[in-house]
Amino acid sequence: MAKVEYKRDLKALELRRRKGMGMLARGVAQAEVARVLEVSRQTVSNWERARQADPQAWRRRPLGKPGGMGAAERTRLSKALVAGAVASGFPTELWTLARVAALLEVQFGRVYSLVHVWRLLRELGFSSQRPTGRAIQRDEAAILAWKKQRWPALKKSAAPRAARSSSSTNRG
């Protein structure tokens, strides 16, 4: 019997599982199935348990979790983000990953990690923005005048240095 390479070949894995479950259905011992198909006895035991629960268990199952948000939900999320954080019930307009995650949980009933929220935002075309951190009422002229006139008067200057000491413990 030629050795079949199963690594990453999902169809070959499904074929092997089907052969094993067929052998088990015909009454072949689990140890013999494991030896012939070159798998562990635990794998054959798992196949037998699955075969008893569902005769079609040999079929390949989709990998990973079920799909995420559909196109309609993504459109709703984009509209909510563009409308602003305040419109979604937050105190300021700043969107953070945690706030978007909270929005997803409240409006869509989905709990995502912050990393996944970031991936989702990138897929939707949003990019990270860093707020300037400046107040709207900031007066640049008053700040410049304060720096030129008031700051020099407040700024401490270095104290005059005393004469050097001859003591070895007082290096001054």
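The values are calculated or read from the model by the stated rules, or taken from the named source; none is laboratory data. These numbers were taken from a predicted model, which means no experiment stands behind them. Neighbour counts run over all protein chains shown; Cβ positions are idealised from the backbone, glycine included.
Among the residues making up the stretch 126-160, a single one is within 29 Å of ALA80 (Cβ to Cβ) and at pLDDT 85 or above: PHE126. The residues on offer are ILE136, ILE143, and the sole one that is farther than 13 Å from MET69 by Cβ, free of Cβ contacts under 8 Å to residues at least 12 places away in the same chain and part of a loop (DSSP other than H, G, I, E, B) is ILE136. Of the residues making up the stretch 40-62, just one is among the acidic types (Asp, Glu) and modelled with pLDDT of 85 or more, namely GLU48. Restrict the check to the stretch 115-128 and report whether at least one residue is without any contact (Cβ under 8 Å) to a residue 24 or more places away in the chain, farther than 21 Å from ALA71 by Cα and either exposed (fewer than 15 other Cβ atoms within 10 Å of the Cβ) or β-branched (Val, Ile, Thr) (or both). Yes; the residues of the stretch 115-128 include at least one that is without any contact (Cβ under 8 Å) to a residue 24 or more places away in the chain, farther than 21 Å from ALA71 by Cα and either exposed (fewer than 15 other Cβ atoms within 10 Å of the Cβ) or β-branched (Val, Ile, Thr) (or both).
Taking the criterion of being within 20 Å of GLY133 (Cα to Cα) and buried (at least 16 other Cβ atoms within 10 Å of the Cβ), the residues of the stretch 71-114 that qualify are ALA85, TRP95, LEU97, ARG99.
Which residue out of VAL28, VAL4 is hydrophobic (A, V, I, L, M, F, W, C), modelled with pLDDT under 85 and not in a helix (DSSP H, G or I)? Let's see the steps before the verdict.
Values: VAL28 fails: modelled with pLDDT under 85.
Exactly one of VAL28, VAL4 is hydrophobic (A, V, I, L, M, F, W, C), modelled with pLDDT under 85 and not in a helix (DSSP H, G or I), namely VAL4.
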